[in-house]
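Colleague: Quick one: this structure, given as structure tokens, is what I'll be asking you about.
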Amino acid sequence: MAIILNLETATKNCSVALAIEGKTIACKEIAEQNFSHAEKLHVFIEELLTENNLKFSDLSAIAVSQGPGSYTGLRIGVSSAKGFCYALNIPLIAIDTLQLLAKQIQIEEGIIISMIDARRMEVFTAIYNKNYQQIRNTKAEIIDENSYQEISEKIHLVGDGTEKFKNTLTHEKFIFHSDVIFPSAKEMSGLSFDKYKQNDFVDVAYFEPYYLKDFVLTK
């Protein structure tokens, strides 16, 4: 029986989920403006294990959201996941953050574009079909009124990055899912279990988050 701890810290949402055989059995998360990941992450982990009568030694693997996203948030999540995996001698699984956003909606037609706010008018984006298969490389891009003109089908937009463009992307083909703001560890459970069954693991020692952009220190 595979028990996987899923960690999602790539955005303002600090999210932890426990999954058994790919099904989420419990989740704790909080989204705060000041990024409380360092204070909340380990508290959530310990609470979830205790409330579900589990020990760290019961875990089969740790899954972590790999980015793109917040530099600080990603560092906290990945560092914690690597530390647990090393101490427990269990595998580490990496899950794409933008795919987690896409998984929060179901569509019959069109495509899904996940957008994570990357400051100013820039966003991290990826495009998925209705089966959540990525059909365009992940990018850091600036959106304007001419963006996605080449796409004629319906475009479903998810993520906190979409809010900046409601007055820019005004064509009727754009559908804003304003209730889907942040990726959540709840959506990681099925994806991490699939990778677990395929032994699709990353190297605990050398794995690094997918920042997409270089970290720039600002005042």
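Colleague: Condition first: outside any strand (DSSP E or B) and either touching a helix residue (DSSP H, G or I) at 6+ places or on another chain (Cβ under 7 Å) or modelled with pLDDT of 95 or more (or both). Now tell me which residues in the stretch 129-146 satisfy that. Reasoning before the result, please.
Modeller: Going through the stretch 129-146, the residues outside any strand (DSSP E or B) turn out to be 129-133, 143-146.
Matches in the stretch 129-146: Asn129, Lys130, Asn131, Tyr132, Gln133, Ile143.
Colleague: Name the residue that is nearest to the chain's Cα centre (by Cα), counting only residues in the stretch 153-167 that are farther than 13 Å from Ile116 by Cα and at pLDDT below 95.
Modeller: Step one: filter the stretch 153-167 for residues farther than 13 Å from Ile116 by Cα, giving 153-156, 166-167.
Filter once more, so that each one left must be at pLDDT below 95: 166-167.
Numbers: Lys166: 23, Asn167: 26 Å.
Once the filter is applied, the top-ranked residue is Lys166.
Colleague: Please tell me if Ser80 is of a type in the set (S, T, N, Q) and either on the phi > 0 side of the Ramachandran plot or at pLDDT 95 or above (or both). I'd like the intermediate steps shown before the answer.
Modeller: Numbers: of a type in the set (S, T, N, Q): yes; either on the phi > 0 side of the Ramachandran plot or at pLDDT 95 or above (or both): yes.
Yes; evaluated as a whole, the condition is true for this residue.
Colleague: Within the stretch 112-131, which residues are crowded, with 19+ Cβ neighbours inside 10 Å and touching a residue at least 40 places away in the same chain (Cβ under 8 Å)?
Modeller: Just the residues of the stretch 112-131 that are crowded, with 19+ Cβ neighbours inside 10 Å, to begin with: 112-118, 123-128.
Within the stretch 112-131, Ile112, Ile113, Ser114, Met115, Ile116, Asp117, Ala118, Val123, Phe124 qualify.
Colleague: Let me ask you something else. Would you confirm whether or not the stretch 133-149 contains a residue that is under 25 Å from Glu29 (Cα atoms), aliphatic (A, V, I, L, M), surrounded by 14 or more Cβ atoms within 10 Å (Cβ to Cβ) and free of Cβ contacts under 8 Å to residues at least 60 places away in the same chain? Give the derivation first.
Modeller: The first filter runs over the stretch 133-149 and keeps only residues under 25 Å from Glu29 (Cα atoms), leaving none.
No, that holds for no residue.
Colleague: Condition (residue is surrounded by fewer than 17 Cβ atoms within 10 Å (Cβ to Cβ) and either outside any strand (DSSP E or B) or of a type in the set (S, T, N, Q) (or both)) applied to the stretch 14-24: is it met by at least one residue?
Modeller: Yes: one or more hits.
The values are calculated or read from the model by the stated rules, or taken from the named source; none is laboratory data. It should be emphasised that the depicted structure is a prediction, and the values quoted were computed from it without experimental measurement. Cβ sites come from the backbone with ideal geometry, for glycine too, and all protein chains shown count toward neighbours.
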